[in-house]
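Right, one structure below, let's go through it.
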Amino acid sequence: MADDLFKALADPTRRTILDELAEKSGQTLFEICSRLSMKYQLGISRQAVSQHLAVLEAAGLVETRREGRYKFHDLNTAPLRQIAERWLVPDPSGPEKSAP
């Protein structure tokens, strides 16, 4: 799972998509494409955005849900927390010494 996660985060366009979903979760493909085009001036096709979303979904960073004929994309930060916690080392001095 970590390999998929790092692969997904390695691409700047995918990180931009995650930024957009962090700002406004529950977007359709059309909304994501529009925001990437207007806000970041990214000339990227719907198919390319869809492929990026598939990589993000495979890594667990994006979850999708269908409502009628629309497919909504939501950010899932749980995999990021797992990665961050993987290398966090408990502070041996304890919480009382870390406060100023």
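Each value in this text was obtained by applying a stated rule to the coordinates, not by laboratory testing. All values derive from a computational prediction rather than experimental measurement. Please note: Cβ atoms are built from the backbone with ideal geometry, for glycine as well, and neighbour counts cover all protein chains shown.
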Restricting to lysine pairs 8 or more places apart or on different chains, what number in the chain have Cα atoms under 29 Å apart? 6
Glu57 versus Ala78, label points 7 Å from Cα toward the beta carbon: distance in nm? 1.7 nm
Taking the chain as the reference, fit the longest principal axis to its C-alpha atoms, fit the long axis of helix 29-40 to the helix C-alpha atoms, and give the angle between the two in degrees, 0 to 90, nearest 10. 70 degrees
Helix 46-58 axis, angle to the chain major axis (alpha carbon atoms, nearest 10°): 30 degrees
Checked against the positive end of the charge dipole of the stretch 36-88 (+1 on Cβ of Lys and Arg, -1 on Cβ of Asp and Glu, about the Cα centre), the farthest of Gln82, Leu61, Gln47 is Gln47
Going by amide H atoms built from the backbone, whose H comes under 5 Å of the H on Leu42, apart from near neighbours? Ser37
FRET efficiency for Arg69 and Ala10, Cβ-Cβ distance as r, R0 = 35 Å, nearest 0.05? 0.60
Debye sum, Cα scatterers, the chain, no solvent: what log₁₀ I/I(0) at q = 0.18, 0.22, 0.23 1/Å? -0.82, -1.12, -1.20
So what is the 222 nm mean residue ellipticity for the chain from helices alone, if each DSSP H run of at least 4 adds -39500 (n - 2.57) and you divide by all residues, rounding to the nearest 500 deg cm²/dmol? -17500 deg cm²/dmol
Under a point spin-label approximation (7 Å from Cα along Cα-to-Cβ), what is the Asp3-Met38 distance to one decimal in nm? 4.0 nm
Residue-wise, which Karplus ³J(HN,Hα) couplings in Hz belong to the stretch 5-13, taking 6.51 cos²θ - 1.76 cosθ + 1.60, θ = phi - 60°, and x for glycine or proline? 5, 5, 4, 5, 7, 5, 8, x, 5
